[in-house]
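Comments concern the structure below.
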Amino acid sequence: MKILVAVKRVVDAKIKVRPLPDGSGVDTKLAKMAINPFDEIAVEKAVALKEAGLVNEVVAVTVGPAKSLDTLRVAMAIGADRSLHVKTDDALEPLAVAKVLKAMVDKENPDVVFLGKQAVDDDAAQVGQMLSALMKAPVATAVSDVTIEGQTATVVRETDAGQMTVSMDLPAVITSDLRLAEPRYVTLPMMGKARKKPVEEIQLADLGLDVAPRQKTLKVAQPAPKAPSQMVASIDELIAQLKARQVL
């Protein structure tokens, strides 16, 4: 059994980003970059399944510029066996990323595709669902537990109404929630071993895909500041204030 895990290079979740002066995008020139946290969880779970003897190979894949190699190194340090790097300097929309991943699925023929439920930079949460549609395969999103038996995966999904347990035939797409796994700490020796693992470079242009953008960013700006909080002396005063502001 083979698992393909998609990972993305994003601004570190602990870093506060700011818009560019012209409002054309986000200033990431000096920002610290890292593997998307939800993708890191997906890698950890895939490697855990391999360590349990249920999976033979874990392959990481990313789409991005040359510096995205660092993200693949982290995935291989965690335990991925090898990586695919689809190189492009363009920022791709979710549908374009899904098309690229579909091409990698056709190339690798995995039993399961793991990826994070969303990326922390755009919060689109669309790639997994779009990929499953292109693959004509089932998808389970926001998954907190996975059990694989033969060609069937049983997963627990986190929903607004609580937890949902579903079974799917493989191949399938699974997107990870925070509870799916606890990523192991990556040490320098682990990174050293990762540098010896193979990385296959693929030029996006060679795939012959239509990845033209379908959206246009008009402006990126800081959110409006919140109104200052106000202390009230009693519940009656609170209710009066809410009524005055037409909240009640």
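What is the distance in Å between the Cα centroid of region 174-205 and that of region 49-119? One Cα centre to the other: 9 Å.
Where both bridge residues fall in region 105-248, DSSP classifies roughly 65% of the beta bridges as antiparallel. Each DSSP beta bridge with both residues in the chain is either parallel or antiparallel, and the antiparallel ones are about 40%.
Give the calculated FRET efficiency between Arg82 and Ala205 to the nearest 0.05, with a Förster radius of 22 Å applied to their Cβ-Cβ distance. Step by step, r from the Cβ atoms, then E = 0.45. Scanning the chain for DSSP H helices at least 15 Å long along the axis (C-alpha atoms) with a Kyte-Doolittle mean no lower than 1.0 picks out nothing. The C-alpha radius of gyration of region 197-247, expressed as a fraction of 2.2 N^0.38 Å, stands at 2.71.
Note on region 81-189: Cα-only Rg and Dmax are 14.6, 43 Å.
Model label points for Glu149 and Val17, set 7 angstrom from Cα along the Cα-to-Cβ axis, are 4.3 nm apart.
Ranked by the mean number of other Cβ atoms within 10 Å per residue, highest first, peptides 190-198, 47-55, 14-22, 2-10 order as 2-10, 47-55, 190-198, 14-22. Dividing the summed -39500 (n - 2.57) terms of all DSSP H runs of n ≥ 4 by the residue count of the chain sets its mean residue ellipticity at 222 nm at -8000 deg cm²/dmol. Remark: region 164-230 is approximated by an ellipsoid whose semi-axes, taken from the C-alpha gyration tensor as √(5λ), come to 34, 27, 23 Å, largest first. Radius of gyration over Kirkwood radius for the chain, both on Cα atoms: the Rg/Rh ratio is 1.06. Sorting Glu158, Glu201 by solvent-accessible area of protein heavy atoms yields Glu201, Glu158, largest first, with a 1.4 Å probe.
Decide, for region 42-120, between rounded, prolate and oblate: order the square roots of the alpha carbon gyration tensor eigenvalues as a ≥ b ≥ c, take rounded if a/c falls under 1.5, and otherwise choose prolate if a/b is larger than b/c, else oblate. Judged from the Cα gyration tensor, region 42-120 comes out prolate (a/c at least 1.5, a/b above b/c).
Using only alpha-carbon positions in region 151-198, the gyration tensor eigenvalues give semi-axes of 32, 16, 7 Å once each is multiplied by 5 and square-rooted (largest first).
Excluding same-chain neighbours fewer than eight residues apart, the lysines reachable from Lys16 by a Cα-Cα span under 26 Å are Lys8, Lys29, Lys32, Lys67, Lys117, Lys216, Lys219, Lys226. Full extension of the chain segment joining Asp160 with Gln246 gains 28.1 nm, where the gain is 0.36 nm per residue of separation less the Cα-Cα distance.
The values are calculated or read from the model by the stated rules, or taken from the named source; none is laboratory data. Keep in mind that what you see is a predicted model, and the values were worked out from it rather than measured. Note that each Cβ is placed from the backbone with ideal geometry, even for glycine, and that neighbours are counted across all protein chains shown. What goes into the accessible areas is simple: the full protein's heavy atoms, side chains included, and nothing from ligands, DNA or RNA. Shrake-Rupley method; radii C 1.70, N 1.55, O 1.52, S 1.80 Å.
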